[in-house]
1. Where Lys and Arg each count +1 and Asp and Glu each count -1, what net charge lies around Leu36 among other residues with Cβ under 12 Å from its Cβ?
2. Given H placed on each backbone N at 1.01 Å, which residues far from Val142 in sequence or on other chains put an amide H within less than 5 Å of it?
3. Of Ala61, Ile130, Thr78, which is farthest along the charge dipole of the chain in the positive direction, counting Lys and Arg as +1 and Asp and Glu as -1 at C-beta?
4. By counting other Cβ atoms within 10 Å of each Cβ, how are His43, His134, His8 ranked from fewest to most?
5. Please work out the Cα center distance from the stretch 129-202 to the stretch 1-47, rounded to the nearest Å.
6. Mean residue ellipticity at 222 nm from the helices of the chain, using -39,500 (n - 2.57) per DSSP H segment of n ≥ 4 over the full residue count, to the nearest 500 deg cm²/dmol?
7. Looking at the stretch 48-202 only, what percent of DSSP beta bridges run antiparallel? Nearest 5 please.
Amino acid sequence: MELWLIRHALPVRIDGGTGPADPPLSEEGIRQADQLAAWWAPHGVDHVYASPLRRAQETAAPLADAAGAQVSTVSELTEFDAHLPSYVPMEELRADPVAWQEAVDAWISPEAEAERQAFRRKVVVAIDQIVEAHRGERVAVVCHGGVINAFITQVLHLPGTIFFEPAYTSVSRVISGDTHRQLVSLNEAPHLGALVVPATAR
C-alpha cells in the first residue's frame, strides 16, 4: 500500500489561554489545504485519516471531499506537544531569537527525547494499524510534524525521533509491503507553486 503522510496547513497563532491550544487554519492555511486537494486528489486516495486537532481536520476535509473519500479520526495521531496552551508557527518562532533558542533547548534535551521515544512507539502502532487495514490501497494521513518524524525515523531506523521540518501541507510517501517499507519521497509540496525552504534554515 502507499501511505501519504501530510502535515497540516498553516494555523493561526495562539499565544496562550486556559486550555490546550487547538488553532484553526489561517487564511493562508485554507489556501494551502485547497491547493493540496487540487493537486493530489486526482492521483486517487482511497481513505483519509486525520489527527483530531482542528488544523489537521480542516486540512483533511478538502482532500477527502475532492477524492470522494471518508475521513477517519485517530487520537494517536495528535501532536506530542498538543497539551501546551500556545501554538506559534515555526516561522514566527524563528523570528524571535530568545524564544527560538528556548524552544530548541527544550526540543533537544534528553528528557524531551525520552518522551518522544515513547511517543514514537505509540505513533508507529497507530499507523501500522492503518497500513494493515488498507493493504493494496492509497491512504492519506493528515497529522503533524512530530508524528511524521516519529514514523519516518522508525522506517529509516534512525536513533532520534526528529530529523527534518515538514513544510505545511507537504506530502511524504512510504510504500509498505508484506516484508519491507520504502521511503519514496520526503517533504513534497509541488502544489504550493514555489520551492519550500524550512523555517529552521533561515
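1. Residues close to Leu36 contribute a combined charge of -2.
2. So Val142 has HN proximity to Ile6, Tyr49, Ala50, Ser51.
3. Ile130
4. Values: His43 10, His134 17, His8 29.
In order of increasing Cβ crowding within 10 Å: His43, His134, His8.
5. Between the Cα centre of the stretch 129-202 and that of the stretch 1-47, the gap is 14 Å.
6. It lands at -12500 deg cm²/dmol.
7. Details: 5 of 11 bridges.
Within the stretch 48-202, antiparallel bridges account for around 45 percent of the total.
Values quoted throughout were computed directly from the atomic coordinates according to the rules given, and no laboratory measurement underlies them. Just so we're clear, the structure is a prediction, and the values are computed from it rather than from any experiment. Using ideal geometry, Cβ is built from the backbone for each residue, glycine included, and neighbour counts are taken over all protein chains shown.
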